[in-house]
Structure formats: structure tokens, C-alpha cells
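The values are calculated or read from the model by the stated rules, or taken from the named source; none is laboratory data. This structure is a prediction, so every number in the text was calculated from the model and none was measured. Here Cβ is always computed from backbone atoms with ideal geometry, including for glycine, and neighbour counts include all displayed protein chains. These area figures cover heavy atoms from the full protein model, side chains too; ligands, DNA and RNA do not enter into them. Shrake-Rupley method; radii C 1.70, N 1.55, O 1.52, S 1.80 Å.
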Amino acid sequence: QVQVVESGGGLVHPGGSLRLSCVISGIHFDIFTMEWHRQVPVKQRELFTFIDASSKTEYDASVKGRFTISRDNDKNTVYLEMNRLKPEDTAVYYCAAHLASEYYWGQGIPVTVSS
């Protein structure tokens with residue numbers, strides 16, 4: 001059984017930082033591409049960063065230079081370091097493990113950026 005568990009969200013002031021973690025069990029973690037998506041009310045969930053099995057990373061322009069994705073294959077964990085947070089980063093953040101047609105999702109974790 002695959003389990004995807006995110007942690008680390010919460011409330012932060014504008015300009016602050018948060019680190020999200022996502023632990024996955026039940027898959028061969030090291031061959032999966034790991035993704036972070038986020039969703040705000042009335043909008044579609046959007047992919048904004050990923051790290052593939054070779055640790056190649058890509059970022060959406062909205063987070064590039066502020067967010068960093070990384071992975072630890074020994075711990076079956078993917079991280080998202082978020083710096084210089086803005087109110088528009090407020091969303092529910094989802095971790096996903098992706099390989100071909102397989103997708104495994106976490107339950108989502110809220111991040112609120114507000115003064």
C-alpha cells in the first residue's frame with residue numbers, strides 16, 4: 001500500500017520561509033519523479049516544481065529563485081524549501097509521486113502567507 005504524507009505547512013508572514021516534507025512508502029522511490037502542486041479555491045491544481053530520478057529540477061516562473069525542491073532517496077523523502085514567501089503563495093500544497101501513468105498523491109497541506 002502506497003502512503004504519501006506531507007508535513008511542515010502552516011502560517012507564515014510575508015517574506016518568511018517554510019520547509020515542506022513529503023515521505024512516501026510502498027514504492028521504489030528512487031525511480032519516481034517527485035512533484036509539488038498547489039491549489040487555491042476555484043482554481044485548478046497546478047504543478048509548479050518537480051525533481052526527476054536523476055535529480056534534475058524544473059520550476060515555474062512564479063517560484064523560481066525562491067523555492068527549492070530536493071530529494072533524499074535514503075529516506076524516501078522529498079523537500080520543498082520556500083523562501084521570500086508572498087501572500088499569493090497561499091494555497092494547499094500537494095506532493096505527488098509520478099512514473100508513467102502512475103500517480104500517488106498526498107492529502108494536501110495548507111500554507112498561508114499573511115501578516
Qualifying lysines (Cα of each under 28 Å from Cα of LYS86; at least 8 residues distant if same chain): LYS43, LYS56, LYS64
Radius ratio Rg over Rh of the chain, counting only Cα atoms, Kirkwood formula for Rh: 0.95
Carbon plus sulfur fraction of accessible area for the chain, probe 1.4 Å, in percent: 50
Base-10 log of normalised Debye intensity for the range 55-99 (one unit scatterer per alpha-carbon) at q = 0.22, 0.23, 0.34 Å⁻¹: -0.91, -0.98, -1.42
Förster radius 25 Å - calculated FRET efficiency between THR57 and HIS13 (Cβ-Cβ, nearest 0.05): 0.40
Length gained when the stretch SER25-GLN107 is fully extended (0.36 nm per residue, less Cα-Cα span): 28.1 nm
Solvent-accessible heavy-atom area per residue, rounded to whole Å², over the chain at 1.4 Å: 54
Distant-in-sequence amide H partners of THR90 (H built 1.01 Å from N, under 5 Å): VAL113
